[in-house]
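Report on the structure given below.
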Amino acid sequence: MFRKFLLILASVFIITACEDSTNNSDPAEIDCDILGQMYDKYTDSLDLSEKSLIEIPDCIGNLTGLEWLSLAFNQLTVLPESMENLTNLEVLVLWDNQIEALPEGIMNLTELTLLDVSDNKLLILSDNIKNLTKLELLDLTGNQMSLLPENIGNLSNLKELGLGDNQFIRLPDGITNLTNLTLLILRDNRINIIPEDIGDLTNRKNLYLNNNQLRTLPESIVNLTNLEKLWLQDNYFSDDEKIKIEAWLPDCDIRW
């Protein structure tokens, strides 16, 4: 389902770019009347992307039927606490803002299947992320995070997880509980060790570990028999280690 929403979002961006050539990058605000006018009651969606917004009014919390919300490509640094009232929200797109922390109330939006907070300034992720058990896609790429909560492993329906371009050195062992993952992006961090039980993620097809500080991989990786592509460029693997990894994954396309 989340792929369908991403396709809808992409089409909205194209239409917006074609129809509104007057938009500029000057900071802007939006009032409650305009917010209500932009809310599409037929699709329960609201697209506020590319509006140069610096804040969202508290009255957004009154749109309790909202299922799809994009605030992408703005200048937001904080989100209103009233968003906790959007209990029917399934898709929340926040990419390319300047958000440093998510309101705790977002961690109670238990219908969310897609949460995209990529290209912001997040430093931490609340332990209450564990509540979002319906999430299928979580994208935290391009932030300033160095730690993940151990209970990230509670997100048992997660299929795609983006953690690239952050400051992670290690990953919580709980990440190996995400057994439905098909895509895991860990590129462009400072990771120097992978959890021993990484081989439990047997559904994974793509694994991005390029541009880290790895010298070895755990032997359990031999269990990733569905792995199709493995990106390992720009690490510190010796020639012997490369030979060993290739022997463990003979059917995988490994990029060195």
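The values are calculated or read from the model by the stated rules, or taken from the named source; none is laboratory data. Predicted model only: the values in this text are computed from it and were never measured. No Cβ is skipped: glycine too gets one built from the backbone with ideal geometry, and neighbour counts run over all protein chains shown.
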Matching residues, the stretch 22-63, being acidic (Asp, Glu) and at pLDDT below 90: Asp26, Glu29, Asp31, Asp33, Asp40
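Listed here are the residues, each with its yes/no results for (1) in contact with a Leu (Cβ under 6 Å, 6 or more places away or on another chain); (2) over 25 Å from Leu249 (Cβ atoms); (3) surrounded by 16 or more Cβ atoms within 10 Å (Cβ to Cβ).
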residue: Asp139; (1), (2), (3): no, yes, yes
residue: Met145; (1), (2), (3): yes, yes, yes
residue: Ile169; (1), (2), (3): no, no, no
residue: Arg190; (1), (2), (3): no, no, no
residue: Asn226; (1), (2), (3): no, no, no
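Looking only at the stretch 206-223, which residues are under 10 Å from Trp248 (Cα atoms) and out of contact with any Asp or Glu (no Cβ under 9 Å at 6 or more places or on another chain)? Outline the logic, then answer.
Just the residues of the stretch 206-223 that are under 10 Å from Trp248 (Cα atoms), to begin with: 219-223.
Ile221, Val222, listed by residue number.
Does Gln144 fit the bill of being touching a residue at least 12 places away in the same chain (Cβ under 8 Å), among the polar types (S, T, N, Q), over 17 Å from Asp96 (Cα atoms) and in a loop (DSSP other than H, G, I, E, B)? Reasoning before the result, please.
On the way: touching a residue at least 12 places away in the same chain (Cβ under 8 Å): yes; among the polar types (S, T, N, Q): yes; over 17 Å from Asp96 (Cα atoms): no; in a loop (DSSP other than H, G, I, E, B): yes.
Considered against the rule, which asks whether it is touching a residue at least 12 places away in the same chain (Cβ under 8 Å), among the polar types (S, T, N, Q), over 17 Å from Asp96 (Cα atoms) and in a loop (DSSP other than H, G, I, E, B), Gln144 comes out as no.
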Residue list for the stretch 112-133, filter: without any contact (Cβ under 8 Å) to a residue 40 or more places away in the chain and closer than 21 Å to Leu201 by Cβ: Leu115, Leu125, Ile129, Lys130, Leu132, Thr133
The stretch 105-141, residues that are outside the structural domain of Thr64 (by TED's automatic domain parsing), part of a loop (DSSP other than H, G, I, E, B) and among the acidic types (Asp, Glu): Glu136
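Give the stretch 26-74 a look and list any residue that's assigned to a loop (DSSP other than H, G, I, E, B), loosely packed, with under 14 Cβ neighbours inside 10 Å and in contact (Cβ under 8 Å) with a residue 12 or more places away in the chain, or say none.
Step one: of the stretch 26-74, the residues assigned to a loop (DSSP other than H, G, I, E, B) are 26-27, 29-31, 39, 41-44, 48-52, 54-57, 63-67, 71-74.
If we keep only those that are loosely packed, with under 14 Cβ neighbours inside 10 Å as well, we get 26-27, 29, 31, 41-43, 64-65.
Correct list: Asp26, Pro27, Glu29, Asp31, Lys41, Thr43, Thr64, Gly65.
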Search result, residues across the stretch 165-192 that are not acidic (Asp, Glu) and not in a loop (DSSP other than H, G, I, E, B): Gly174, Ile175, Thr176, Asn177, Leu183, Leu184, Ile185
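Being part of a loop (DSSP other than H, G, I, E, B) and crowded, with 16+ Cβ neighbours inside 10 Å is the filter here; which residues of the stretch 147-164 pass it? Write out each step before concluding.
Of all residues in the stretch 147-164, those part of a loop (DSSP other than H, G, I, E, B) come to 147-149, 155-159, 163-164.
If the condition is that a residue be part of a loop (DSSP other than H, G, I, E, B) and crowded, with 16+ Cβ neighbours inside 10 Å, then Leu148, Pro149, Leu155, Leu158, Lys159, Leu163, Gly164 are the ones that fit.
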Tally of residues being more than 24 Å from the chain's Cα centre (by Cα) and among the aliphatic types (A, V, I, L, M) across the stretch 200-220: 1
Total residues in the stretch 83-108, condition in contact with an Asp or Glu (Cβ under 8 Å, 6 or more places away or on another chain), surrounded by fewer than 21 Cβ atoms within 10 Å (Cβ to Cβ) and either closer than 14 Å to Leu148 by Cβ or not acidic (Asp, Glu) (or both): 6
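Do we find that Leu217 is of a type outside the set (Val, Ile, Thr), at negative phi, touching a residue at least 12 places away in the same chain (Cβ under 8 Å) and touching a strand residue (DSSP E or B) at 6+ places or on another chain (Cβ under 8 Å) in this structure?
Values: of a type outside the set (Val, Ile, Thr): yes; at negative phi: yes; touching a residue at least 12 places away in the same chain (Cβ under 8 Å): yes; touching a strand residue (DSSP E or B) at 6+ places or on another chain (Cβ under 8 Å): no.
For Leu217, the condition - of a type outside the set (Val, Ile, Thr), at negative phi, touching a residue at least 12 places away in the same chain (Cβ under 8 Å) and touching a strand residue (DSSP E or B) at 6+ places or on another chain (Cβ under 8 Å) - is not met.
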